[in-house]
Amino acid sequence: MRVSVIGCGHLGIPHAAAMAELGHEVVGVDVDRAKVDRLNAGKCPIYETGLPELLARHTASGRLRFTTDISEAAAFAELHFIGVGTPIDADGRSYDTAQVFGAIRQLAPHLDQPCTIVGKSTVTVGTTMKVTALAQRLAPAGDGVEVVWNPEFLREGHAVEDTLRPDRLIAGVTTAEGEKTIRAVYARIIDAGVPIFITDPQTAELAKGAANTFLGLKISYINAVADMCEAAGGDIAQIVDILGIDPRIGSGGMQPGIGYGGGCLPKDVRAFTASARALSAEGAVSLLRAAEVINEQRTDVALRLIERALGERPVSGSRITVWGAAFKPGTNDVRESPALALSQALQQAGAGVTVHDPQAVPTAMVRNPELDYTDDLAASLDGADIVVLATEWSEYRQADPRALAGRPAVALLVDCRTTLDAEPWRAAGWTVHQLGRPGK
């Protein structure tokens with residue numbers, strides 16, 4: 001099929017490259033000329049595992065190209081994916097869908113032939129119907145324009161894999177023609193055995209919010225239990241194993257740490273809470289708000305652990321190395337990064353902070369230029385009084401504790417992601433503190 005992807009960010013670029021990988025002819029649309037030029041040169045402005053190679057392969061083959069001209073995409077494609085951002089609104093609670101409606105206003109006047117618009121952005125329930133009415137009113141093709149909502153369930157760091165081999169597909173449709181088009185564009189994925197759920201649009205819209213909110217609840221829950229372990233001297237790692245063996249619960253997404261971040265969970269929990277309030281589901285509001293509060297307090301929890309690890313030495317005046325800037329491994333996304341929030345809090349407390357990250361130093365420097373950065377892992381430790389692991393990159397788990405032991409002023413490490421096997425570090429002379437785990 002000939003498809004367009006409107007919006008080339010953390011969602012749109014992987015989706016466009018994956019559609020080309022599936023055999024479609026693809027044009028990506030973005031308003032940023034510099035970004036488009038870079039993409040057409042096969043250079044990726046974001047980091048996602050496997051994405052640079054996929055982008056380079058398909059821009060070179062001619063199957064994938066990018067433009068700033070939305071009329072060009074309208075004339076070219078028979079299916080248009082909308083992958084623009086829906087950040088949290090000024091009220092701090094609901095989605096700002098201005099980019100979605102802006103994209104429709106720009107695209108629809110050029111649609112003079114029947115086609116399908118497929119929304120992938122995360123939106124408030126009821127958006128599909130409003131988008132449909134707007135598109136059909138503005139498009140010369142009128143009601144020949146179908147609108148389907150097809151929410152993504154991508155894990156940042158795994159966006160390519162999750163697009164090509166998702167665990168499920170959801171399509172909120174209103175007509176048989178819309179369903180037919182979705183089945184056609186995803187034919188290779190469906191033929192590979194991936195289940196597809198054909199629903200009404202409102203169910204598809206709610207499903208995305210419900211899924212991400214559940215993940216937020218799960219992370220918040222295990223963080224709350226980690227705090228109980230911290231107070232009682234219990235071991236959160238063993239509790240995760242005990243809970244995770246229950247098939248009704250599972251261990252995926254149940255890693256205690258300093259809270260969730262990124263472009264999805266924080267805003268989706270807030271917006272889903274707002275939807276629950278709008279629907280007068282007050283019990284759901286109370287439960288969801290409790291999860292938010294737990295997540296919002298994780299920086300303070302980490303600060304207390306660092307203070308305890310430092311002992312009599314105050315945070316103020318200490319030299320602290322923070323390992324991690326991205327909100328999670330496998331991506332350079334630093335939106336609402338708990339690692340950067342913790343780094344800022346440490347700096348505001350008077351510490352000298354140096355941040356290391358394998359991929360996210362450039363993006364972090366743009367968002368938080370007041371911090372010091374390095375991309376050299378060993379050098380990041382020079383003169384440090386304490387090392388704080390804040391993002392669970394494999395580079396930190398695989399680091400040689402003996403080789404690093406001589407670099408910091410004091411071999412003191414706080415694992416705020418409870419991700420390290422602490423024993424090799426302790427054997428190498430490090431004192432290790434982990435959230436919710438006994439022993440040093």
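All of the numbers you see were taken from the coordinates with simple rules; none came from a lab. It should be emphasised that the depicted structure is a prediction, and the values quoted were computed from it without experimental measurement. For neighbour counting, all protein chains shown are included, and Cβ atoms are generated from backbone atoms with ideal geometry for every residue, glycine included.
Label points 7 Å out from Cα along the Cβ direction at SER71 and ARG367: separation in nm?
3.8
Please report the relative contact order for the chain, taking Cα pairs under 8 Å with a sequence separation of at least 6, and give it as a percent rounded to a whole number. Please report the intermediate quantities before stating the final value.
Numbers: 901 pairs, mean separation 52.1, N = 440.
Dividing the mean separation by the residue count of the chain yields 12 percent.
Which residues' amide hydrogens lie under 5 Å from the amide hydrogen of THR431, considering only partners 5 or more residues apart or on another chain, with H built in the peptide plane?
Those lying under 5 Å, H to H, from THR431 are LEU412, LEU413.
Go through the range 111-126 residue by residue and turn each phi into a ³J(HN,Hα) via Karplus (6.51, -1.76, 1.60, θ = phi - 60°); whole Hz please, and just put x for glycine and proline.
8, 9, 10, x, 7, 10, 9, 10, x, 10, 5, 7, 9, 6, 4, x
By average Cβ neighbour count within 10 Å, what is the ranking of 165-173, 111-119, 388-396 from highest down? Let's see the in-between values first.
Numbers: 165-173: 18.1, 111-119: 20.9, 388-396: 24.0.
Averaged packing, sorted descending, gives the order 388-396, 111-119, 165-173.
Let me know the Kirkwood hydrodynamic radius for the range 208-296, please, with Cα pairs as the basis and the value in Å to one decimal.
Numbers: mean 1/r = 0.0736 Å⁻¹.
Hydrodynamic radius (Kirkwood, Cα only) of the range 208-296 equals 13.6 Å.
Quick one: order TYR260, TYR221 by neighbouring beta-carbon count within 10 Å, fewest to most.
Lowest count first: TYR221, TYR260.
Quick check: residue separation of GLU296 and GLU179 times 0.36 nm, minus the Cα distance between them. What number comes out in nm? Walk me through the numbers before you get to the answer.
Working: separation 117, 0.36 × 117 = 42.12 nm, distance 4.03 nm.
Contour length minus Cα-Cα distance gives 38.1 nm.
Report the normalised scattering of the range 1-40 as log10 I(q)/I(0) at q = 0.15 Å⁻¹, calculated by the Debye formula with identical scatterers on the alpha carbons.
Debye intensities relative to I(0), on a log10 scale: -0.30.
Between ASP112 and MET228, what is 0.36 nm times their sequence separation minus the Cα-Cα distance? Round to one decimal in nm. Could you put the intermediate results ahead of the total?
Details: separation 116, 0.36 × 116 = 41.76 nm, distance 6.11 nm.
Between ASP112 and MET228, full extension yields 35.6 nm more.
So how many Å³ per residue does the convex hull of the Cα atoms of the range 2-199 work out to? Don't skip to the end; give the middle numbers.
On the way: hull volume 22.2 nm³, N = 198.
Taking the convex hull of the Cα positions in the range 2-199, it is 112 Å³ per residue.
Per-residue ellipticity at 222 nm for the chain, helices alone: DSSP H runs ≥ 4 residues times -39500 (n - 2.57), over residue total, nearest 500 deg cm²/dmol?
Calculated mean residue ellipticity at 222 nm is -13000 deg cm²/dmol.
Run through the DSSP bridge list for the range 299-434 and note the antiparallel percent, rounded to the nearest 5. Provide the component values of the computation, followed by the final result.
Working: 0 of 19 bridges.
Antiparallel bridges: around 0 percent, rounded to the nearest 5.
Quick one: divide the alpha-carbon radius of gyration of the range 283-335 by 2.2 N^0.38 Å and tell me what you get.
Details: Rg = 15.5 Å, N = 53, 2.2 N^0.38 = 9.9 Å.
Normalised by 2.2 N^0.38 Å, the Cα Rg of the range 283-335 equals 1.56.
What is the set of long-range amide H partners of ILE170 at a cut-off below 5 Å, with H atoms built 1.01 Å from backbone N?
Amide H to amide H, under 5 Å and 5 or more residues apart or across chains, ILE170 pairs with PHE197.
Which percent of Cα-Cα pairs in the chain sits in each 10 Å bin, short to long?
Final binned percentages: 4, 20, 28, 24, 15, 7, 1, 0.
So which lysines can LYS180 reach, going by Cα to Cα under 19 Å and dropping same-chain residues fewer than 8 places off?
Of all the lysines, those that pass the test against LYS180 - Cα under 19 Å, at least 8 places apart if same chain - are LYS120.
Projected area of the range 337-426, taken from the Cα convex hull and averaged over every viewing direction, in nm²? List each step's numbers first, then the result.
Details: hull surface 21.9 nm².
Spelled out: convex hull of the Cα atoms, projected over all directions, averaged, 5.5 nm².
Roughly how many whole Å is it from the C-alpha centroid of the range 309-376 to that of the range 138-192?
A separation of 38 Å, based on Cα centres.
Tally Lys and Arg at +1 and Asp and Glu at -1 over the other residues with C-beta under 13 Å from the C-beta of LEU243: what net charge comes out?
Numbers: positive: LYS218, ARG248; negative: ASP235, ASP241, ASP246.
That sum, taken over residues with Cβ under 13 Å, equals -1.
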